[in-house]
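Enquirer: Pasting a structure here, questions to come.
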Amino acid sequence: MVGIAAELRANRYSHMLDLHDSIRSRMLRVLVPGRWSSYPKHRVARAMLIRTKRNWYRDSRPVAERYFDAARDLDVTSDGSPPDLFLSPEAVREATDWLARNGLSRDRPFVALAPGAAHATKRWPLEHWHALLRRIVGQGFDVVLVGGSDDASVGHALAGSAPGRVVNAAGQFGLQGTGAVLRSARVVVSADTGVMHMATAVETPVVALFGPTVRPFGFFPYTPRAQVMELALPCRPCSSKGSSRCPLGHHRCLVDLGPDPVFDAVLRSVA
């Protein structure tokens with residue numbers, strides 16, 4: 001009963017976020033009058049998938065393609081290619097100089113790891129990151145840890161496990177600078193976060209770690225150069241955006257996803 005109650009609380013939290021988004025959209029329509037179009041959010045199918053684990057989605061398109069429904073009157077369609085992140089020359093120079101100061105360049109390949117996530121249930125356990133990092137370094141690659149300022153302490157802890165081979169860029173750059181660092185990496189390992197989508201936008205291969213969220217929601221990496229690591233568990237999905245705690249208390253979706261298969265995926269990406 002405790003697990004069920006916790007799952008219901010998580011579902012209510014997800015519903016509150018959806019309600020907030022709906023209110024915000026309605027306010028924008030009032031403040032900016034005109035002819036508005038929308039795209040299918042499939043709220044009912046999403047709620048049913050979370051609560052009953054039954055997939056009622058009839059639209060299997062990624063969200064990036066659903067967005068074009070909002071622009072249907074503009075006669076534009078998706079080209080099927082990954083999103084584009086246009087980097088300024090200043091951002092590229094900033095990232096290149098930083099990498100050079102840390103002994104890294106395109107001639108010295110490195111793997112980027114993004115250990116952070118806004119919601120706790122999307123975070124891979126720290127001990128798994130440590131184990132993966134040791135395997136990558138043992139294979140002869142350097143490692144750059146990326147993320148925002150909130151991820152700096154985690155990056156610092158991981159960087160200390162292999163001094164000289166691991167550098168912490170978390171909190172060092174804005175979005176453009178982070179994108180430039182990601183573009184120089186051979187592969188990026190990330191949870192279901194913005195960093196994952198930024199990596200696809202700069203055409204760097206991605207190994208994506210998915211726990212509480214699933215493909216039908218539409219947010220898998222939008223590129224054929226991605227490998228999604230996930231476990232088929234009866235409790236998935238438990239939310240559409242992640243939450244502060246596992247509703248059932250075990251977080252098996254990411255705890256049971258060990259470093260070995262993730263490391264194998266990294267090797268496939270750099271082969």
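We did not get these values from a lab; they are worked out from the coordinates using the rules stated. Keep in mind that what you see is a predicted model, and the values were worked out from it rather than measured. Don't worry about glycine lacking a Cβ; one is built from the backbone with ideal geometry, like all the others, and counts go over all protein chains shown.
Enquirer: Over all directions, what mean area does the Cα convex hull of the range 57-176 project, stated in square nanometres?
Expert: That works out to 10.8 nm².
Enquirer: Taking amide H positions as placed 1.01 Å from N in the peptide plane, with prolines and chain starts having none, which residues 5 or more places from D142, or on another chain, fall under 5 Å of its amide H?
Expert: V111
Enquirer: Tell me which of G116, P212, T200 sits at the most positive position along the dipole axis of the chain, charges placed on C-beta atoms (Lys, Arg +1; Asp, Glu -1).
Expert: Of the candidates, P212 comes out farthest on the positive side.
Enquirer: What's the local net charge at F210, with K and R +1, D and E -1, over the other residues with C-beta under 15 Å away?
Expert: Local charge sum for F210: +3.
Enquirer: What order do you get for 203-216, 122-135 when each peptide is scored by the mean count of other beta carbon atoms within 10 Å, highest first?
Expert: Listed from highest to lowest mean packing, they are 203-216, 122-135.
Enquirer: Report, to the nearest 10°, how far helix 126-138 tilts away from the longest principal axis of the Cα atoms in the chain, using its own Cα long axis and a range of 0 to 90°.
Expert: Compared with the principal axis, the helix lies near 40 degrees.
Enquirer: So, by mean Cβ neighbours within 10 angstrom, what's the order for 178-186, 76-84, 251-259, 50-58 with the highest one leading?
Expert: Result, highest mean Cβ count within 10 Å first: 178-186, 251-259, 50-58, 76-84.
Enquirer: What residues qualify as long-range amide H neighbours of V206, i.e. H under 5 Å apart, gap of 5 or more or another chain, H built at 1.01 Å from N?
Expert: Long-range HN contacts for V206: V188, A226, Q227.
Enquirer: Okay, helix-only estimate at 222 nm for the chain: each DSSP H run of n ≥ 4 adds -39500 (n - 2.57), divide by all residues, round to 500 deg cm²/dmol; what do you get?
Expert: After summing the helix terms and dividing by the residues of the chain, the value is -12500 deg cm²/dmol.
Enquirer: Once both axes come from the Cα atoms, what is the angle between helix 89-101 and the longest principal axis of the chain, in degrees from 0 to 90, rounded to 10?
Expert: Taking Cα atoms only, the helix is inclined about 40 degrees.
Enquirer: Explain nothing, just the number: dipole magnitude of the range 89-270 about its Cα centre with +1 on each Lys and Arg Cβ and -1 on each Asp and Glu Cβ, in debye rounded to the nearest 20.
Expert: 200 debye
Enquirer: Separation between the H156 and L175 pseudo-spin-labels, each 7 Å from Cα along Cα→Cβ, expressed in nm?
Expert: 2.7 nm
Enquirer: Here is a further query. Any chance you could run the full-extension gain for W56 through S37? It's 0.36 nm times the residue separation minus the Cα-Cα distance, nm to one decimal.
Expert: Using 0.36 nm per residue and subtracting the Cα-Cα distance, I get 4.5 nm.
Enquirer: Quantify how much of the Cα-Cα distance distribution of the range 47-127 extends past 17 Å, in percent.
Expert: Taking all Cα-Cα pairs of the range 47-127, the fraction more than 17 Å apart is 75 percent.
Enquirer: Now for a different question. In nm, to one decimal, how far is the A70 label point from the Q139 one, both placed 7 Å along Cα→Cβ?
Expert: Computed distance between label sites A70 and Q139 equals 3.7 nm.
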